[in-house]
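The values are calculated or read from the model by the stated rules, or taken from the named source; none is laboratory data. Predicted model, so just to flag it, every value in this text is computed and none were measured. Here the Cβ positions follow ideal geometry from the backbone for every residue, glycine too, while neighbour counts run over all protein chains shown. These accessible areas exclude ligands, DNA and RNA; they are computed on the full protein's heavy atoms, side chains included. Shrake-Rupley method; radii C 1.70, N 1.55, O 1.52, S 1.80 Å.
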Amino acid sequence: MTYAYFNETFLPIEEVRISPLDRGFLFGDSVYEVIPVYEKKPFLFEEHILRLKRSLEETRISRPKQWENLEEIIGKLVELNRAINQSIYAQISRGVDINRSHIAEEDIEPTLFIMSSDLTLNPYRCENNIEGIKVSLQEDPRWKRCDIKATTLLPNIIALNEAVSSGSQDVIFYRNQEVTEGASSNIFLVFQGEVFTPPQSKNILTGVTRNHVINLLKDLNLTISERVIYIEDLFKAEEIWLTSSTKEIQPVSEINKKKLSVRSPEKALWRRVLENFHN
Ligand code: PMP
């Protein structure tokens with residue numbers, strides 16, 4: 001049985017009932033966070049909570065009344081669910097309104113919903129005979145506030161479906177020739193031994209994993225610069241990585257059906273970063 005948390009209660013996920021008047025359901029008026037849990041311990045928990053706080057502030061959704069107890073609630077949910085490695089999904093919507101109106105009633109309470117699913121460990125952790133991810137490039141169809149972790153993911157879903165139906169596994173977005181990020185990940189590339197990633201802006205989500213990887217690179221005395229990456233840079237790169245809380249760090253080996261001449265896992269920088277990921 002899989003447990004979730006809803007309405008101040010822990011209950012089997014099948015028993016959760018969300019109102020059709022919840023603004024998350026009607027408008028996508030909600031934000032979320034995904035927190036990986038390894039051996040029952042949430043990873044980079046504070047960083048995720050800080051980003052959730054920022055998403056709430058940017059959307060002016062109030063903090064739920066359980067805000068100060070989130071760590072305890074998530075800890076209990078992790079214990080209730082069997083898997084040792086889990087992915088915690090926490091969503092906060094503006095709440096249930098009495099009417100469907102763009103402007104919300106002032107006194108509504110935000111809805112907090114948290115669930116857990118089993119986390120499949122990153123297959124690139126130890127496999128040497130595994131190919132990198134095949135991606136396709138797409139013009140970024142999203143809005144101008146990609147820095148907010150909003151649940152309105154329809155553009156990402158359409159883009160991913162299109163990529164998968166054309167034989168790719170993931171998408172890399174660009175705007176005006178500038179690479180932004182993946183459909184659910186940030187991007188890094190290695191060129192002449194140095195590592196580059198697009199700077200923080202409203203066009204990308206500042207990934208918790210992105211920041212963790214930047215810190216790891218600094219600890220490893222590798223050169224990391226935040227600068228604009230152009231489409232043409234991708235085809236000159238020695239390595240391209242996608243990072244996210246569930247992917248950790250994974251290499252790209254093909255873009256738009258063109259195989260990249262990338263380093264083997266044993267010699268690649270991403271492997272070094274991955275080996276230090278949980279230290
Ligand atoms: N960009 C987008 C669009 C994402 O959906 C995600 C994953 N939620 C990321 C980047 C990576 O963020 P994180 O490392 O915090 O999981």
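Find the strands (runs of 3 or more DSSP E) located wholly in the stretch 1-90 whose residues include 1 or more that are open to solvent by 20 Å² or more (accessible area, probe 1.4 Å) and within 16 Å of the ligand (Cβ to nearest atom), and list them.
Ranges flagged: 30-38.
From the residues in the stretch 101-119 that are of a type outside the set (A, V, I, L, M, F, W, C) and without any contact (Cβ under 8 Å) to a residue 24 or more places away in the chain, which one is farthest from Asn69 (Cα to Cα)?
Among residues in the stretch 101-119 that are of a type outside the set (A, V, I, L, M, F, W, C) and without any contact (Cβ under 8 Å) to a residue 24 or more places away in the chain, the one farthest from Asn69 (Cα to Cα) is Ser101.
Taking the stretch 115-144, which residues are assigned to a helix (DSSP H, G or I) and surrounded by 12 or more Cβ atoms within 10 Å (Cβ to Cβ)?
Tyr124, Arg125
Being part of a loop (DSSP other than H, G, I, E, B) and more than 24 Å from Glu33 (Cα to Cα) is the filter; apply it to the stretch 162-174 and report the residue that is farthest from the ligand (Cβ to nearest atom).
Within the stretch 162-174, the subset part of a loop (DSSP other than H, G, I, E, B) is 166-169.
Going one step further and asking which of them are more than 24 Å from Glu33 (Cα to Cα), we end up with 166-168.
Values: Ser166: 20, Gly167: 22, Ser168: 16 Å.
The selected residue is Gly167.
Please identify the pairs in which a residue from the stretch 145-156 that is in a strand (DSSP E or B) has its Cβ atom under 8 Å from the Cβ atom of a residue that is near the ligand (Cβ under 10 Å from one of its atoms), counting only partners at least 6 apart or on another chain.
Between residues of the stretch 145-156 that are in a strand (DSSP E or B) and residues that are near the ligand (Cβ under 10 Å from one of its atoms), the close pairs are Ala150/Tyr32.
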